[in-house]
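Note sheet for the following structure.
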Amino acid sequence: MKYLSEYRDKKLIASLIDEVRRVKTAPLRIMEVCGTHTMAIFRHGLRSILPGDIELISGPGCPVCVTSSAHIDGFLHVALLDGVRVAIFGDLFRIPGSQGSLAQAQAGGARVEVVYSPMDALTLARKHPEELVVFLAVGFETTIPLVAATILEAYRQNVNNFAVFSSHKIMPPALHALLGDPELCLDGLLCPGHVSTIIGAAAYEPIARDFGISCIVTGFEPVDVLQAILMIARQVAEKRNDVENAYGRAVNWQGNGRAMALMHQVFEPVDCQWRGLGVIEQSGMAIRQEFARFDAEKRCDIKLTETPEPKGCLCGDILKGKKTPIDCPLFKGRCTPLNPVGPCMVSSEGTCAAFYKYGVV
Amino acid sequence: MCLAVPMRVIRVSGLEGDFTLTPLAVVEAQGIEKDVRLDLVDQWPEIGDYLIIHAGFAIHTLDEKEAEINLKLLREMAEGLK
Amino acid sequence: MKKLETVQLDHGSGGLASQELIKDIFLSHLDNPVLAALEDSAVLETDRGRLAFSTDSYVVDPLFFPGGDIGLLAVHGTINDLAMRGARPFCLSLGMILEEGCPMEVLRLIVDSIRKASCESGVPVVTGDTKVVPKGKGDKVFINTSGIGFVDKGVDISASMARVGDVILLSGSMGDHGITILTQRAGISMQGKLRSDTMALHNLVQKIIGLKSGAVHTLRDPTRGGVATSLNEIAEAAGVAIEIDEAEIPVHKEVDAACEILGMDPLYLANEGKCLALVQAEYAREILQAMRSLPEGAEAAIIGRVTDGPAGRVVLKTIAGGSRIVSSLTGEPLPRIC
């Protein structure tokens, strides 16, 4: 595809790796914040061609993995209510809560539909006026404005049997919380490309300044990722900690103002529990009172109850980049994609699933 | 949670600038066409523009000039190292 | 998490969940050496020679899709399962489970497709059965076909025959059927030239195994679970490692685009008219040319080879120049936005 395949060019990849080798003055520890980066790095086998002293650590950027078990249990609860049909992104289908997964709920009779767009969930609501269609919403800034636009469309069309169960989260507060951990020594962050399309590269300036860390916004093709690693290597060599944009074709400095405005019109920040990271202030996005009739939590009167993490599961430390799946006693034994214990195994972009599926040759 | 791909605009419907009237575009890549919503783009796209598509919505108009400049630099670097 | 105590859709996906179900439930109750080989069809010694026997059920939704329908699949699928052991398909049975209320016209169209596929492939339907279930207890039409074929003297093809040094061929492009069915679903629909590849492969198989006796070691049609899962099954059965080259694997550009949009990997998508052939290296070129000389193999390619790496390991050389492990499919492939 145009604007994808150019960035998979073998010659460019080889020259970028040579250049990284040439510029690099010390071993590098880099965190890819976004789960889609984790997937891309594995899919293209980038670890196998990078110099051995560049360590890539997977961060908390898989929205499904950081969704608390309370929310997953809440999702399951809604799915099992009479007269309810839930719509989800495929990513959520097999995620285990303390009571099982939506896949299991479906086998037990729940109506679960995988959709490609939140707008498809609204279409389902119009098609089934006798049911309440609930979109179980997970996602970061890339996705939240889409759900906001869908709620506004439901409002305009006066669709009364549509609601959203929001487990949305935003990235900057989580990065602040994460980088505040002194154990985490990082040289640079690969900042999530499509979150940045919405929030703009400028959003990372406080992070680069407060934590003295290079923040490179980049895309998801091998050339994008390698270009960002090269920029971090240069900054380290030149003793700089700046925000740079390696994804100019899709991200600008100020972001997408229209999408941000829509997001804030419908949603407001609230404190939010992240799996493995705990409660982070003002990091969740809840539906504003004005749109309460589209809020599934209020409509179905749901109380969230936090349950402890499964025994022995290291997902929390893995999401913080402190441990790798190889360190986990459950990995590949009790915890496999077929019988996942923690969320990082079941989400396709989860670190454990990526390690399991793609391995390191 | 950020899977998004660039696709080329082949048709636009709705009223330019009025985002409340179901702003839609048909986009194309390698023979595949898809209807997408334009609610979130901060500039009204033209035929031939590339849009970044995430879950059925355009979230950005791809900056082709920026892409060409970047690729040119990378190609020069690759040639220079030979 | 506790073991699943109900049947899930994933158990029918052709991936690891299906394999677990087969081992836990079926093999543990019905174990015998022929069944335990888990080949596409069973090959049985008889006084009159070797008999290949296979069965398959078809529950595709929708019943009609670009490039085919459930009737074509039911004939092609079982013919292909026989062909993957090198057998000449001889005859088929046809079992129909119909839902009360299914329009007669739908049934007529399907049976006409079955007639066409059976005539074109020269494999007759010689026995059949029909049952009707109450409305809501089925989904319009389910089909089961079984097939019998004969295996010529000197032909010995199975997954366990793959040898280090073998060259791996794929008879055409990958993922067409899987992505076509998936994009028929509401909400995931897209416009474009996506077509199922459903096709009978017995003529192609007879052609390539006739070139040089014993040169073709293994054949598999990568249906559910895709090329990735089939290669893992072969690597495990033969106790070898496999290396494939991403750049050499044919994928139609429309399939590629649809996969990028939906976040899917064509290695895991079903094919209904393609086979993997693991062949002795010195005959690989000749076999490739033979495949390409037939319409069903026009886009055939050499995609990799069998190596002496760790048994059961499948490695992909990526277009980026890296390498990674390719594992079996876990559950049914779903579009993702992550």
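The values are calculated or read from the model by the stated rules, or taken from the named source; none is laboratory data. Remember, predicted model here, so these are calculated numbers, not experimental data. Methodologically, a virtual Cβ is constructed for each residue, glycine included, from the backbone with ideal geometry; neighbour enumeration extends over all protein chains shown. To get the accessible areas, we keep the full protein, side chains included, count just its heavy atoms, and leave off ligands, DNA and RNA. Shrake-Rupley method; radii C 1.70, N 1.55, O 1.52, S 1.80 Å.
Projected onto their three principal axes, the Cα atoms of the stretch A:169-212 cover extents of 30, 20, 15 Å, largest first. For chain A, a simple Cβ point-charge model (Lys and Arg +1, Asp and Glu -1, everything else neutral) yields a dipole of about 720 debye relative to the Cα centre. Translational diffusion coefficient, Stokes-Einstein: compute it for the stretch A:1-91 using the Kirkwood radius over C-alpha pairs as Rh, at 20 °C and 1.002 mPa s, and state it as an integer in µm² s⁻¹. The estimated diffusion coefficient comes to 129 µm²/s. Given +1 at the Cβ of Lys and Arg, -1 at the Cβ of Asp and Glu and no other charges, the dipole of the protein assembly as shown around its Cα centre is 780 debye to the nearest 20.
In a DSSP loop and with at most 13 other Cβ atoms within 10 Å, there are no trypsin sites (Lys or Arg not before Pro) in the stretch B:1-68.
The C-alpha radius of gyration of the stretch C:41-151, expressed as a fraction of 2.2 N^0.38 Å, stands at 1.11. Name the shape class, rounded, prolate or oblate, that the alpha-carbon gyration tensor gives for the stretch B:5-81, where a ≥ b ≥ c are the square roots of its eigenvalues, rounded holds for a/c under 1.5, and otherwise prolate holds if a/b is larger than b/c and oblate otherwise. Prolate, since a/c reaches 1.5 and a/b exceeds b/c. In summary, the lysines within cross-link reach of C:K212, defined as a Cα separation below 28 angstrom excluding same-chain residues under 8 places away, comprise C:K153, C:K274. Taking all protein chains together, A:M260, A:M1 sort by accessible area into A:M260, A:M1, largest first [probe 1.4 Å]. Protein heavy-atom accessible surface, 1.4 Å probe, per residue over the stretch A:48-154: 24 Å². Over chain C, the alpha carbon radius of gyration divided by the compact-protein estimate 2.2 N^0.38 Å works out to 0.97.
The aspartates and glutamates whose alpha-carbon is closer than 13 Å to the alpha-carbon of A:K298, local same-chain residues fewer than 8 away aside, are A:E290.
Taking every protein chain into account, the accessible area of the stretch B:5-81 amounts to 44 square angstrom per residue (probe 1.4 Å). The separation of the stretch C:111-161 from the stretch A:175-228, counted between C-alpha centres, amounts to 56 Å.
Over 20 Å between Cα atoms, which of A:K169/B:K34; A:K11/A:K239; B:K34/C:K193; A:K24/A:K323; A:K24/A:K239 qualify? Table pairs above 20 Å Cα-Cα are A:K169/B:K34; A:K11/A:K239; A:K24/A:K323.
Ignoring the sites themselves, chain C has its longest run without trypsin sites (Lys or Arg not before Pro) in a DSSP loop having at most 11 other Cβ atoms within 10 Å at C:154-338. Inter-chain Cβ neighbour count for C:239-252, averaged per residue, equals 1 (cutoff 10 Å, partner chain atoms only). For C:K140, go through the lysines and keep the ones whose alpha-carbon is under 20 Å away, minus same-chain ones fewer than eight residues off. Those lysines meeting the cut-off are C:K131. Ellipticity at 222 nm from helices only: DSSP H runs of n ≥ 4 in chain A, each -39500 (n - 2.57), divided by the residue count, give -10500 deg cm²/dmol. Could you give the angle, 0 to 90 degrees to the nearest 10, between helix A:222-237's Cα long axis and the longest principal axis of the Cα atoms of chain A? So the helix axis and the longest Cα principal axis differ by about 50 degrees. For each pair in A:K2/B:K65; A:K2/C:K253; A:K2/C:K317; A:K10/C:K317, compute the distance between the two Cα atoms and list the pairs where it is over 19 Å. The answer is A:K2/C:K317. Here the translational diffusion coefficient of the protein assembly as shown follows from Stokes-Einstein with Rh set to the Kirkwood radius across Cα pairs; for 10 °C and 1.306 mPa s it amounts to 58 µm²/s.
Each of the peptides B:71-79, C:52-60 was scored by the mean count of other Cβ atoms within 10 Å over its residues; in descending order, highest first, they stand as C:52-60, B:71-79.
The alpha carbon gyration tensor of the stretch C:218-338 gives principal lengths a ≥ b ≥ c with a/c of 1.5 or higher and a/b no greater than b/c, which makes the shape oblate.
Summing charges over all other residues whose Cβ lies under 15 Å from the Cβ of C:I319, with Lys and Arg as +1 and Asp and Glu as -1, gives -4. Counting Cα-Cα pairs of the stretch A:227-361 in 5 Å increments starting at 0 gives whole-percent bin shares of 2, 8, 11, 12, 12, 16, 17, 13, 7, 2, 1, 0. Taken as Cα centroids, the stretch B:50-82 and the stretch A:1-79 sit 19 Å apart, rounded to the nearest whole angstrom. The Cβ shell under 10 Å around B:G48 holds other residues with a net charge of -2, Lys and Arg each +1, Asp and Glu each -1. For the stretch A:36-170, the equivalent ellipsoid derived from the Cα gyration tensor has semi-axes of 32, 18, 12 Å, listed largest first.
Rg/Rh for chain A (Cα atoms only, Rh after Kirkwood) is 0.97. Peptide C:111-124 is shielded by partner chain Cβ atoms: per residue, an average of 0 of them sit within 10 Å of its Cβ.
Charging the Cβ of each Asp and Glu at -1 and of each Lys and Arg at +1, and nothing else, the dipole of the stretch B:5-81 about its Cα centre rounds to 220 debye. For the residues of A:10-23, the average number of beta carbons from a partner chain within 10 Å of their own beta carbon is 4.
The heavy atoms of C:D197 offer some 10 square angstrom of accessible surface to a 1.4 angstrom probe.
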